[in-house]
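Engineer: My questions will all concern the structure given below.
The values are calculated or read from the model by the stated rules, or taken from the named source; none is laboratory data. Since we're looking at a predicted model, the values are computed, not measured. When we count neighbours, we look across all protein chains shown, and the Cβ atoms used for this are built from the backbone with ideal geometry, even at glycine. For accessibility, only protein heavy atoms count, side chains too; no ligands or nucleic acids. Shrake-Rupley method; radii C 1.70, N 1.55, O 1.52, S 1.80 Å.
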Amino acid sequence: MKEENFLSIIGKHQAHLGGLISILEDIQTEYSYLPEQALRLVAQETGFSLVDIYGVATFYKLFSLKPRGKHLISVCSGTACHVRASSGVVEEFEQRLQINAGETTPDGEITLVTVNCLGACALGPIVVVDGYYFSNVNRQMVGEIIDNARAGIDRVDVDTDERIFPIEVSCPHCNRSLIDKNFYIDGYPSIRVTVSFGRRHGWVRLSCLYGSYSVEQEYEVPIDTIVDFFCPHCHAELSGVSDCTSCGAPMISAFIPGGGVLHICSRRGCKAHMLDLHGASL
Amino acid sequence: MINLIINGLPVSVEEGATLLEAARFLGFPIPTLCYIDGLSPYGACRLCVVEIGEGPKAKLVTACTYPAEEGLKVRTASSRVIKARKMILELLLASCPQSKTIQDLAAAHGVRRQRFRQEYEDCILCGLCVRMCEEQMMAKAIGFRGRGQNRSVGTPFDIQSDICRLCGGCMYICPACQLRCTYTEPEKAVCGGCENLSPPCLEKEQFDDMMCYMDPCVACEITKD
Ligand code: SF4
Ligand code: FES
Ligand code: FES
């Protein structure tokens with residue numbers, strides 16, 4: 001059964017063989033490691049020799065020949081992070097998880113690896129848990145990061161999903177940016193607006209990633225309530241002209257600098273949103 | 001034809017010829033370690049360095065991989081070359097002092113001391129065995145694995161390869177690793193022919209195109225008796 005799976009992955013690349021790394025990447029994504037059987041099948045199907053495939057698989061840190069845990073913690077030990085004492089952070093992780101870097105906890109939950117530079121040196125030491133970045137990590141933070149990792153970091157997979165990208169929006173009345181650089185959601189500055197519902201007023205911060213539904217709010221807005229949105233700068237209402245196509249509640253609008261309007265449904269829990277680009281090229 | 005000048009002597013060589021070939025044609029000796037006729041040049045050991053260019057632009061390149069260029073001025077024994085060569089030999093000695101080949105080369109080039117931390121590697125990653133296996137034995141049973149500090153030569157998954165015909169070519173050509181012939185873990189050995197005591201010639205009918213490089217050969221010794 002597993003064999004068929006491998007074959008179907010290899011089959012997908014049949015059209016342009018030569019993409020050895022893409023095949024290995026796909027297998028790695030599916031199984032979180034490269035099983036021996038899979039590599040042998042790749043050799044058989046693609047005609048590459050097993051030695052070369054093995055060489056590639058062991059050359060790149062991205063690939064692992066041993067099963068990895070559910071969660072992957074990568075600690076940067078690149079030069080910049082190293083001088084900011086990332087080795088201490090690695091040590092702390094090793095002590096707390098009772099494993100060495102490169103190993104997986106016996107319960108199969110966490111794999112700890114060190115990597116060389118993640119390209120965010122100014123924020124080092126950097127630790128990445130399942131694609132989520134932690135910056136300026138010190139020994140004291142390690143315990144919390146491990147707890148986070150075990151609990152599972154809930155996050156849209158920004159890097160692999162092309163439908164998701166960050167956008168910037170501004171108030172259509174005062175033209176000031178609604179982006180709040182001091183508050184991050186999904187690893188990006190959030191969109192801040194004020195809302196009112198019933199007799200309550202408070203802030204809501206939305207993820208600026210188009211396609212992500214992550215929100216943070218001052219007051220919990222009950223699901224299905226229709227709320228009014230206001231600009232936090234000029235307090236004008238961000239009303240829109242259209243109604244939501246899926247639930248009928250009014251859509252609110254915000255400007256996208258450079259041309260375009262973002263429409264969001266004002267009903268809490270309704271996920272309708274729409275990007276209206278007036279001929280603007282993406 | 002390409003015309004270049006080696007140590008002041010003009011020479012014309014065919015397009016695609018390397019500096020090493022051109023220099024050897026003129027009879028200038030350039031020591032080599034990872035270059036052997038019949039195998040593709042690889043440029044791993046750096047022992048064949050020569051100096052090309054002039055003035056501040058002069059630089060050291062490996063003669064075994066550098067193609068001859070029109071009008072190039074090459075020096076095969078400038079003081080810079082000699083110094084670099086000695087240093088390379090010293091470093092090779094530091095990593096693999098037990099190798100007879102390296103010892104001989106070092107002695108021949110007047111290397112009298114070795115100032116680096118002594119390692120006792122059994123491989124200098126020259127890639128001769130890998131090329132031998134692929135290019136002469138048509139097998140591709142061994143290759144490079146890993147990278148950087150963890151780079152090593154061996155079979156995939158470190159288990160005896162089913163492509164390997166135990167020809168012994170890798171051991172024959174290796175400048176460093178007599179150790180491999182007496183490998184202590186036969187199942188992990190590149191070949192392990194001697195440990196496993198099953199040289200391929202004993203079952204000759206299986207490989208009629210077999211080439212054997214084992215010397216002294218265990219099987220021959222056995223059949224002699
Ligand atoms: S095993 Fe020997 S021949 Fe092969 S790369 Fe190492 S030193 Fe060179
Ligand atoms: S060194 Fe750690 S991110 Fe560059
Ligand atoms: S002989 Fe040229 S680099 Fe080894």
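Engineer: Which of (1) within 14 Å of chain A (Cβ to nearest Cβ); (2) over 20 Å from B:Gly38 (Cβ atoms) is the odd one out, the single condition B:Arg117 does not satisfy?
Structural biologist: Going through (1) within 14 Å of chain A (Cβ to nearest Cβ); (2) over 20 Å from B:Gly38 (Cβ atoms) one by one, B:Arg117 breaks only (1).
Quick grid of which residues meet (1) surrounded by 15 or more Cβ atoms within 10 Å (Cβ to Cβ); (2) closer than 30 Å to A:Pro125 by Cα; (3) out of contact with any strand residue (DSSP E or B) (no Cβ under 7 Å at 6 or more places or on another chain); (4) within 13 Å of another protein chain (Cβ to nearest Cβ):
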{"residue": "A:Asn5", "(1), (2), (3), (4)": "no, no, yes, no"}
{"residue": "A:Ser8", "(1), (2), (3), (4)": "no, no, yes, no"}
{"residue": "A:Leu50", "(1), (2), (3), (4)": "yes, no, yes, yes"}
{"residue": "A:Ile53", "(1), (2), (3), (4)": "yes, no, yes, yes"}
{"residue": "A:Ile73", "(1), (2), (3), (4)": "yes, yes, no, no"}
{"residue": "A:Ser87", "(1), (2), (3), (4)": "yes, yes, yes, no"}
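Engineer: A further question follows. Among the listed residues A:Val142, A:Val115, A:Val169, which satisfies the condition of being out of contact with any Lys or Arg (no Cβ under 7 Å at 6 or more places or on another chain) and either modelled with pLDDT of 85 or more or under 30 Å from A:Gly260 (Cα atoms) (or both)?
Structural biologist: Details: A:Val142 fails: out of contact with any Lys or Arg (no Cβ under 7 Å at 6 or more places or on another chain); A:Val115 fails: out of contact with any Lys or Arg (no Cβ under 7 Å at 6 or more places or on another chain).
Step by step, each of A:Val142, A:Val115, A:Val169 is checked, and only A:Val169 is out of contact with any Lys or Arg (no Cβ under 7 Å at 6 or more places or on another chain) and either modelled with pLDDT of 85 or more or under 30 Å from A:Gly260 (Cα atoms) (or both).
Engineer: Okay, next question. Quick one: which helices (runs of 4 or more DSSP H) sit completely within region B:69-171 and have at least 2 residues that are more than 28 Å from A:Thr58 (Cβ to Cβ) and outside the structural domain of B:Tyr35 (by TED's automatic domain parsing)?
Structural biologist: By residue number, B:79-95, B:100-108.
Engineer: Could you tell me which residue of region B:137-180 is farthest from the other protein chains (Cβ to nearest Cβ), considering only residues that are of a type in the set (A, V, I, L, M) and at positive phi?
Structural biologist: B:Leu166
Engineer: Counting just the residues of region A:117-130 that are open to solvent by 30 Å² or more (accessible area, probe 1.4 Å) and in contact with a strand residue (DSSP E or B) (Cβ under 9 Å, 6 or more places away or on another chain), which one comes out nearest to A:Thr104 (Cα to Cα)?
Structural biologist: If we take residues in region A:117-130 being open to solvent by 30 Å² or more (accessible area, probe 1.4 Å) and in contact with a strand residue (DSSP E or B) (Cβ under 9 Å, 6 or more places away or on another chain), then A:Asp130 is nearest to A:Thr104 (Cα to Cα).
Engineer: Do you know which residues across region B:32-45 are free of Cβ contacts under 8 Å to residues at least 60 places away in the same chain, near ligand 3 (Cβ under 8 Å from one of its atoms) and surrounded by fewer than 19 Cβ atoms within 10 Å (Cβ to Cβ)?
Structural biologist: Narrowing region B:32-45 to residues free of Cβ contacts under 8 Å to residues at least 60 places away in the same chain: B:32, B:35, B:37, B:41, B:43.
Those still in the list that are near ligand 3 (Cβ under 8 Å from one of its atoms) too: B:32, B:35, B:41, B:43.
Those that are free of Cβ contacts under 8 Å to residues at least 60 places away in the same chain, near ligand 3 (Cβ under 8 Å from one of its atoms) and surrounded by fewer than 19 Cβ atoms within 10 Å (Cβ to Cβ): B:Thr32, B:Gly43.
Engineer: Which condition number in (1) surrounded by 15 or more Cβ atoms within 10 Å (Cβ to Cβ); (2) of a type outside the set (D, E, K, R); (3) not in a helix (DSSP H, G or I) is the one that A:Pro106 fails?
Structural biologist: (1)
Engineer: Yes or no: region B:178-186 includes at least one residue that is surrounded by fewer than 22 Cβ atoms within 10 Å (Cβ to Cβ), touching a Gly at 6+ places or on another chain (Cβ under 7 Å) and at pLDDT 55 or above.
Structural biologist: No.
Engineer: Considering only region B:118-153, how many residues are touching a residue at least 60 places away in the same chain (Cβ under 8 Å) and open to solvent by 40 Å² or more (accessible area, probe 1.4 Å)?
Structural biologist: Pass one, region B:118-153, residues touching a residue at least 60 places away in the same chain (Cβ under 8 Å): B:124-129, B:131-132, B:135-137.
Filter once more, so that each one left must be open to solvent by 40 Å² or more (accessible area, probe 1.4 Å): B:125, B:135-136.
So the count comes out to 3.
Engineer: Determine the pairs where a residue that is more than 19 Å from A:Thr225 (Cβ to Cβ), located within region A:250-273, has a partner that is of a type in the set (S, T, N, Q) and assigned to a strand (DSSP E or B) with Cβ atoms under 6 Å apart, the partner being 6 or more residues away or on another chain.
Structural biologist: A:Phe255/A:Ser170; A:Pro257/A:Ser170; A:Val261/A:Ser253
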